[in-house]
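Scroll down for the structure; my scribbles are underneath it.
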Amino acid sequence: MKLFRLPMYFIRHKIPGYEGVIRALEKEDMAAIHVIQPYERDDWERFLKGDGLEIQLIQRWKKLCDELKQSDVIMVSHYNSNSNYKMGIVRKGSSWSNFPLDNDFKAFQMVNTQTITYDDYILLKKIIPSKCTISPVIKAKEQILSLYKLV
């Protein structure tokens, strides 16, 4: 598998008050967005209907879903303030699901996951966007892939 050819996304799970759900996502090797604000819910309904989207969070989720129709996607997930990351693959054709502990979390299952430790974290902290929930990774892709050992 030529990993450098696959699309890559970063998802940050930093949501105060949802630590239990986020720990469960991490344990289950899942990457998710949290759709809770009224304007997010409105845009989510438009997404489900196939209508035009207004919010970057939902636009990027749609782009991820579209990419999964064509290929596997590499996912880098950060869970709350935990200093570790998980990297894994979301397989081509995968569908998102509501996370059972909280249906406001829309999640994808990752496979071949690997924990990236704090020693590697310094590199990730410098190259991952700091103010987003979900973001395609383009510029730093090769550097991030150097941390991932396909299992």
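I'd like to know if region 46-61 contains one or more residues that are out of contact with any helix residue (DSSP H, G or I) (no Cβ under 6 Å at 6 or more places or on another chain) and within 24 Å of Gln143 (Cα to Cα). There is at least one residue in region 46-61 that is out of contact with any helix residue (DSSP H, G or I) (no Cβ under 6 Å at 6 or more places or on another chain) and within 24 Å of Gln143 (Cα to Cα). When Tyr79 is tested against (1) at pLDDT 90 or above; (2) crowded, with 17+ Cβ neighbours inside 10 Å, just one condition goes unmet, and that condition is (1). Beta carbons closer than 7 Å, at least 6 apart along the sequence or on distinct chains, never pair a first residue in region 4-15 that is on the phi > 0 side of the Ramachandran plot with a second that is in a strand (DSSP E or B) and aromatic (Phe, Trp, Tyr).
The values are calculated or read from the model by the stated rules, or taken from the named source; none is laboratory data. What you see is a predicted model; the values in this text were computed from it and never measured. Note: ideal-geometry Cβ built from the backbone for every residue, glycine included; neighbour counts use all protein chains shown.
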